[in-house]
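The values are calculated or read from the model by the stated rules, or taken from the named source; none is laboratory data. Just so you know, these numbers come straight off a predicted model, no measurement behind them. All Cβ positions, even for glycine, are placed from backbone atoms using ideal geometry, and neighbour counts span all protein chains on display. Surface accessibility is based on the protein's heavy atoms, side chains included, excluding ligands, DNA and RNA. Shrake-Rupley method; radii C 1.70, N 1.55, O 1.52, S 1.80 Å.
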Amino acid sequence: MDTSRPLRRVGSWRRAGLLGAVLLLPGSLIGVASAETVADEATSLVADGTLDTSESLIAPEVAPMCHGKRATIWGTSGNDLLKGTSGDDVIVGLGGNDRIYGKGGNDTLCGNTGADKLFPGKGDDFVSGGGGSKDWVKYSTVRRRVVVSLRTGVATGQGRDTLVGIENVLGSPRGDKLTGNGLNNRILGGPGSDKVFGKKGNDVLQGGSGFDVADGGLGTDTCTQDAELRFNCERGHKSITSGTWTVPGEVKPLIYRNSTSQNGCYWARLSGFGGGLEDIIANQFHYEIDIVEVAKSDVGFETSRCGTWTTNLTPRTLSPTSAFAGGAYLIGWEVGPGVWRNSDSSDGCYWERRSGFGGTLDDVITNSFSYDVQTVSIAKSDRAFYSSGCGTWKRIG
């Protein structure tokens, strides 16, 4: 850069014709050089912006305020990329759709107007979306589990962050717990086995990779297919009663649980309606409540004397360590990993550890039938556990 002109110390900078600001830290030095030179130096640092000589964006000469604190780093009315330091920063985005990164220290991040994306760093940060209605708090750069609640305005995992005016959340690569509020939220789990909760509002919940649980709560919510367990989502879908139904026209490809099996429940996933054995993908007959996943490739689903099948997978146990009786249970959601022992096998106890919900032999990790008391080690990687005639299971280790 041509430094023949005087240098001045700034917290942000002004440049006619630049849509988007460069990253400027406290004490940055900018040469007041020719317009061409400044543009060349700045272009590589512009985020989400373009050069447009038809507009003039002005950054304030006086540092703006953010929740009673004077900004140490601030942007323009364009789409800015702003990054903090290892100290306690106050970063203000002003206008535009900004990306703001905290780093070390206890930072204050303010997006102001626009649809902003705020990335808290280490420390106890204060994060404010500002006046926009599509602001994100993102923990995608964090290498540990986070617990985020927009309802309480608190996020923990790499410190204790305070969240204000945030509508949307992206979790970390770990197994997170993410909770919305009364607004229309978008909640994305990301990698890891996440639990995402929408609460009130018309929410969009996305699990990401891993084994995810999504609960839409009140409102008309949408849960994407990558959330393996979905309930209070896709409202208006028909519950499945006795009969033979088409997939996906009458039965959506989701995970279902039936309401009763006391009279003997039969179900079958179908590849056709010819009535032959070749049309049966998987089937079961039992006297316990079961869980089945209807696949996208299925053509039909048949059920008889199973009560009602719904996508309501509300836990049947008080906690993952609570005792439980017969039927199918979700590992990590209803039954936790560990060593479990049953109370009674006098009528013949059958159990199986499952890797999936399709009802095929490939979904059975291991199984056993015995008239003796059983001790079973359930792994964290198991998807479900099913038993019948075993009395009550209690965790012993």
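Express the carbon and sulfur contribution to the solvent-accessible surface of the stretch 310-388 as a percent, rounded to the nearest whole number, probe 1.4 angstrom. Can you show the working numbers first?
On the way: 1770 of 3540 Å².
Of the solvent-accessible surface of the stretch 310-388, carbon and sulfur hold 50 percent.
Using a 1.4 angstrom probe, figure out how much accessible area the stretch 105-186 has per residue, in square angstrom, rounded to the nearest whole.
Normalised by residue count, the accessible surface of the stretch 105-186 is 40 Å².
Spelling out what I want: for every residue of the stretch 156-165, take phi, set θ = phi - 60°, compute 6.51 cos²θ - 1.76 cosθ + 1.60 (Karplus), and round to whole Hz; glycine and proline get x.
For the stretch 156-165, the Karplus-derived couplings read 10, x, 10, x, 10, 9, 9, 10, 9, x Hz, x marking Gly and Pro.
Where does the charge balance sit around ASN342 when Lys and Arg score +1, Asp and Glu -1, over other residues with C-beta under 10 Å from its C-beta?
Net of charged neighbours comes to 0.
Place the peptides 308-314, 265-271, 172-178 in order of packing, highest mean first, counting for every residue the other Cβ atoms within 10 Å and averaging per peptide. Could the numbers behind the result be given before it?
On the way: 308-314: 18.0, 265-271: 20.3, 172-178: 22.6.
Final packing ranking: 172-178, 265-271, 308-314.
Find the accessible area per residue for the stretch 286-397; the probe is 1.4 Å, ligands and nucleic acids are left out, and the unit is Å². Provide the component values of the computation, followed by the final result.
Values: 4980 Å² over 112 residues.
Averaged over the residues of the stretch 286-397, the accessible area is 44 Å².
For the stretch 344-390, which trypsin sites (Lys or Arg not before Pro) are both in a DSSP coil and crowded by at most 12 other Cβ atoms within 10 Å? Write out the running numbers ahead of the final one.
On the way: sites: ARG353, ARG354, LYS380, ARG383; in loops: LYS380, ARG383.
Filter output for the stretch 344-390: LYS380.
For the ranges 137-149, 365-377, 277-289, 318-330, what's the packing order if you count other beta-carbon atoms within 10 Å of each residue, average per peptide, and put the highest first? Please report the intermediate quantities before stating the final value.
Numbers: 137-149: 18.9, 365-377: 13.5, 277-289: 15.3, 318-330: 17.4.
Sorting 137-149, 365-377, 277-289, 318-330 by mean packing, highest first, produces 137-149, 318-330, 277-289, 365-377.
Based on alpha-carbon positions alone, could you give the equivalent ellipsoid semi-axes of the stretch 233-371 from the gyration tensor, as √(5λ), descending, whole Å? Show your work: numbers first, answer last.
Working: eigenvalues 140, 63, 38 Å².
That gives 26, 18, 14 Å for the three semi-axes.
If you wrap the stretch 97-194's Cα atoms in a convex hull and average its projection over all directions, what's the area in nm²? Walk me through the numbers on the way to the answer.
Working: hull surface 19.9 nm².
About 5.0 nm², averaged over all directions.
Under a Cβ-Cβ cut-off of 9 Å, what is the net charge of the residues other than VAL204 that fall near it, where Lys and Arg count +1 and Asp and Glu count -1?
On the way: positive: ARG186; negative: ASP203, ASP221.
With Lys, Arg at +1 and Asp, Glu at -1, the net is -1.
Greater than 32 Å separation of Cα atoms is the criterion. Which listed pairs, LYS177/LYS252; LYS117/LYS380; LYS122/LYS199; LYS122/LYS200, meet it? Provide the component values of the computation, followed by the final result.
Details: LYS177/LYS252 26 Å; LYS117/LYS380 34 Å; LYS122/LYS199 28 Å; LYS122/LYS200 30 Å.
Among LYS177/LYS252; LYS117/LYS380; LYS122/LYS199; LYS122/LYS200, the Cα-Cα distance tops 32 Å for LYS117/LYS380.
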